[in-house]
1. Taking the condition assigned by the TED database to the domain that holds LYS15, within 14 Å of the ligand (Cβ to nearest atom) and surrounded by fewer than 17 Cβ atoms within 10 Å (Cβ to Cβ), does THR79 pass?
2. crowded, with 21+ Cβ neighbours inside 10 Å, more than 25 Å from ALA114 (Cα to Cα) and not hydrophobic (A, V, I, L, M, F, W, C): does that describe GLN242?
3. Need a quick list: strands (runs of 3 or more DSSP E) entirely within region 53-109 having at least 1 residues that are among the basic types (Lys, Arg).
4. So for region 247-258 (the condition being part of a helix (DSSP H, G or I), within 16 Å of the ligand (Cβ to nearest atom) and more than 21 Å from ALA114 (Cβ to Cβ)), does at least one residue qualify?
5. Might you let me know whether region 62-85 holds any residue that is in contact with a Leu (Cβ under 7 Å, 6 or more places away or on another chain) and at pLDDT below 95?
6. Would you mention how many residues in region 224-238 are part of a loop (DSSP other than H, G, I, E, B) and modelled with pLDDT of 95 or more?
7. Step by step: first the residues of region 182-194, then only those that are surrounded by fewer than 24 Cβ atoms within 10 Å (Cβ to Cβ) and within 15 Å of the ligand (Cβ to nearest atom), then the one that is farthest from ASN247 (Cα to Cα). Which residue is that?
8. May I ask you to list the residues in region 55-78 that are under 17 Å from ILE10 (Cα atoms), of a type in the set (A, V, I, L, M) and in contact with a Lys or Arg (Cβ under 9 Å, 6 or more places away or on another chain)?
Amino acid sequence: MASANLNIMIKAARKAGRSLVKDFREVENLQVSVKGAGDFVSRADREAERIIKEELRTARPNYGWIGEETGEDAGEDPTRRWIVDPLDGTTNFLHGLPHWAVSIALEHKGEIVAAVIFDAAKDEMFTAEKGDGAFLNDRRIRVSGRRQMIESIFATGVPFGGRGTLPATIRDLSRLMPLTAGVRRWGAASLDLAYVACGRFDGYWERGINSWDVAAGVLLVREAGGFVESIKPDQSPVESGQIIAANAQQFDGFAEIIRSRD
Ligand code: IPD
């Protein structure tokens, strides 16, 4: 049974999702501003973050907060904080591509303990709690059982502006593409991880990613039986900005390719 915190997160994600779906139909009226190369924010992102903050703050006034649009805000309880991307996949959203999601994670003493990723356009609600498994619309999900790279699909992302990571990602691609059934770059990191968790993708990696894009997805993949680490060994996959995730059978081989420097 879902905990009270997870129910609060689901409610907030659904409410924000409804607002985003409405805005998605009227993308041309969204007052888009450009934060940097390929880095957009619109009324839709801001409104979704406002809705989520209001819901979570009303229910748990003392928890801390970090959100893509409103930044960090320490709460009275230093052990717990929400990590929120109100609209992951903003560029897809603004181009009318139905591949974006709301991502909400709850961190307790530095560990992600509950996660919600809501793909409102497809009505897919991914949820997980530590020790309790991962679910898609209340049905248990697991990572894929594929053992061979040649039959597997991997996903990646390239942060807007590249953030200096482009040469390494191009090198990764030139190594991986001949060995796999394909590499996808779909533009929403939270969904890349959710898709690893439910076995649609077999692995995912990204260099230069933000904590709010991946915090919820990290727990989903682990609770679905997959492995997640930072590309930089011994660092946090949520905080280091370098992430690699895969099903259990393929993680080591995949990680070796992504981590090798020559
Ligand atoms: C972006 C997406 C994209 C990833 C970028 C992120 P945003 O998040 O997750 O897939 O490649 O690094 O910044 O900006 O749409 O919330």
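1. Details: assigned by the TED database to the domain that holds LYS15: yes; within 14 Å of the ligand (Cβ to nearest atom): no; surrounded by fewer than 17 Cβ atoms within 10 Å (Cβ to Cβ): yes.
So THR79 fails the test.
2. no
3. Details: elements: 63-67, 71-73, 77-88, 101-108.
By residue number, 77-88.
4. Going through region 247-258, the residues part of a helix (DSSP H, G or I) turn out to be 251-258.
Then drop every residue that is not within 16 Å of the ligand (Cβ to nearest atom), which leaves 258.
Then drop every residue that is not more than 21 Å from ALA114 (Cβ to Cβ), which leaves 258.
Yes, because at least one residue in region 247-258 is part of a helix (DSSP H, G or I), within 16 Å of the ligand (Cβ to nearest atom) and more than 21 Å from ALA114 (Cβ to Cβ).
5. Checked region 62-85: no residue is in contact with a Leu (Cβ under 7 Å, 6 or more places away or on another chain) and at pLDDT below 95.
6. Total satisfying the criteria: 8.
7. Here is the first cut: in region 182-194, the residues surrounded by fewer than 24 Cβ atoms within 10 Å (Cβ to Cβ) are 182-187.
Still in the running and within 15 Å of the ligand (Cβ to nearest atom): 183-187.
On the way: VAL183: 15, ARG184: 16, ARG185: 18, TRP186: 19, GLY187: 21 Å.
My answer is GLY187.
8. Of everything in region 55-78, just one residue is under 17 Å from ILE10 (Cα atoms), of a type in the set (A, V, I, L, M) and in contact with a Lys or Arg (Cβ under 9 Å, 6 or more places away or on another chain), namely ALA59.
The values are calculated or read from the model by the stated rules, or taken from the named source; none is laboratory data. If you're wondering where the values come from, they're calculated on a predicted model, not measured in any experiment. Glycine gets a Cβ as well: all are built from the backbone with ideal geometry, and neighbour counts include every protein chain shown.
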